[in-house]
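J.: One structure is given below, represented as structure tokens, and several questions about it will come after.
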Amino acid sequence: MDFLSPRTLKVGNWVILAALTALSRLMVGTEFAVGVAVGGVLAVLNFHALHRALNGLAARAQGQPPEQGGRAKAYFAVRQALRYIVVLAVIFYLVGSGRVHVLGLVVGLSTVVLTLMLAAVAETVKLKRKEAHPSHGTPHSVS
Amino acid sequence: MSLRLALGALVSLLLASAAWAAEPAAAGTAAGLGSFFSYAVMAAGFGMGIAAFGTGIGQGLAIQKSVEGIARNPEASGKITVTMLIGLAMIESLAIYALVVALIILFAYPMAKPIGAALGLKM
């Protein structure tokens with residue numbers, strides 16, 4: 001299983017968001033859990049949009065001569081700017097209106113970072129095990 | 001040389017703003033509260049500016065190296081794109097944290113009421 005594939009990361013994001021929201025509901029309270037859920041949904045959707053923008057950039061840039069790469073760059077820049085504006089507007093509204101718990105929002109926004117760190121740790125552990133296995137690599141672990 | 005000039009301009013700007021903000025603080029509690037909030041606004045603005053500066057440099061370098069890698073070895077574009085996606089998401093989260101902290105300072109600073117009360121103002 002490839003932990004660092006986009007599909008695994010996307011599924012992992014939702015799983016970790018659900019776990020964080022449930023833990024927050026149980027350990028802190030409903031208002032904090034709502035903040036975690038809202039922040040997490042925003043962060044995960046932002047990650048999806050980033051992935052789509054990068055895929056679009058790669059698809060548009062492929063097969064084009066270098067002098068015609070300006071359209072792909074413009075497409076990516078517009079997508080990035082739109083994404084930033086939407087995220088800024090939503091966070092501005094949430095914090096400014098005081099509708100959600102601010103610390104919960106920060107925890108929710110950390111969902112993607114947490115997923116990436118866990119995926120990196122899982123991938124490293126997998127690689128170490130593979131290297132230490134006699135049939136796959138050297139007979140001893142590298143470190 | 002340009003770095004020295006930029007640092008000098010930043011220091012003089014900070015010193016000037018401190019002197020400007022410290023003057024009304026001696027005038028009274030309302031002015032003191034005004035200087036407190038002017039410092040808060042400056043902190044939010046500078047914080048977000050520095051975060052955007054660092055994020056811009058970081059993302060620019062990441063994309064530059066990834067594109068160079070893809071140009072050298074187009075067959076590895078899938079792996080490079082995924083690694084770039086992970087790196088960009090990590091870098092971008094820092095800017096989002098800075099944005100949230102700046103907005104907390106501006107709109108939801110938890111110490112605003114205690115500080116206002118300490119200055120003798122009803123908030």
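Readers should treat all values here as calculations from the given coordinates under stated rules, not as data from a laboratory. Keep in mind it's a predicted model, so treat the numbers as computed, not measured. All Cβ positions, even for glycine, are placed from backbone atoms using ideal geometry, and neighbour counts span all protein chains on display.
J.: Sort B:SER77, B:SER93 so that the residue with the fewest other Cβ atoms within 10 Å of its own Cβ comes first and the one with the most comes last.
T.: Details: B:SER77 18, B:SER93 21.
Result, fewest neighbours first: B:SER77, B:SER93.
J.: Estimate the FRET efficiency between B:PHE46 and A:GLN64 by the formula 1/(1 + (r/R0)^6), using the beta-carbon distance for r and 45 Å for R0, to the nearest 0.05.
T.: About 0.65, to the nearest 0.05.
J.: Starting from the 7 Å offset along Cα-to-Cβ, what nm value, one decimal, do you get for the label separation of A:ALA22 and A:THR124?
T.: In this crude label model, A:ALA22 to A:THR124 measures out at 2.7 nm.
J.: Restricting to Cα pairs below 8 Å that are 6+ residues apart, what does the relative contact order work out to for the stretch A:6-131? Please round to a whole percent.
T.: About 42 percent, as a whole number.
J.: Run the quick spin-label model on A:ALA132 and A:ALA74: label points 7 Å from Cα toward the beta carbon, then report their separation in nm to one decimal.
T.: Taking the simple label geometry, A:ALA132 and A:ALA74 are separated by 5.5 nm.
J.: Could I ask something else about it? When a/c reaches 1.5 or more, the comparison of a/b and b/c decides; with that in mind, is the stretch A:6-131 rounded, prolate or oblate per its Cα gyration tensor?
T.: Oblate.
J.: Among B:LYS113, A:LYS10, rank each residue by its count of other Cβ atoms within 10 Å, from fewest to most, as a rough exposure measure. Before the final figure, lay out the partial values.
T.: Details: B:LYS113 11, A:LYS10 16.
The most exposed by this proxy come first: B:LYS113, A:LYS10.
J.: Each label point is 7 Å from the Cα along the Cα-to-Cβ direction; what then is the distance between the points at B:ALA112 and A:ILE85, in nm?
T.: About 2.7 nm, to one decimal.
J.: Among the listed pairs A:LYS73/B:LYS65; A:LYS10/A:LYS73; A:LYS130/B:LYS65; A:LYS10/A:LYS130, which have their C-alpha atoms separated by more than 22 angstrom in this model?
T.: Flagged as over cut-off: A:LYS10/A:LYS73; A:LYS130/B:LYS65; A:LYS10/A:LYS130.
J.: Counting only other chains, what is the mean number of Cβ atoms within 10 angstrom of the Cβ of each residue in peptide B:65-77? Before the final figure, lay out the partial values.
T.: Values: counts 0, 1, 4, 0, 0, 3, 2, 0, 0, 1, 0, 0, 3.
The shielding value for this peptide is 1.
J.: Same structure again: Sort A:HIS101, A:HIS51, A:HIS133 so the one with the fewest other Cβ atoms within 10 Å of its own Cβ comes first.
T.: The fewest-first ordering by Cβ neighbours comes to A:HIS133, A:HIS51, A:HIS101.
J.: Next question. Treating only the Cβ atoms of Lys and Arg (+1) and Asp and Glu (-1) as charged, compute the dipole magnitude of the stretch A:6-131 about its Cα centre; round to the nearest 20 debye. List each step's numbers first, then the result.
T.: Working: 14 positive and 4 negative charges, 75 e Å.
The calculated dipole for the stretch A:6-131 is roughly 360 debye.
J.: With each run of n ≥ 4 DSSP H residues scored as -39500 (n - 2.57), what mean residue ellipticity at 222 nm is computed for chain A after dividing by its residue count and rounding to the nearest 500 deg cm²/dmol? Provide the component values of the computation, followed by the final result.
T.: Working: 5 runs with 112 residues, N = 143.
The helix contribution divided over chain A gives -27500 deg cm²/dmol.
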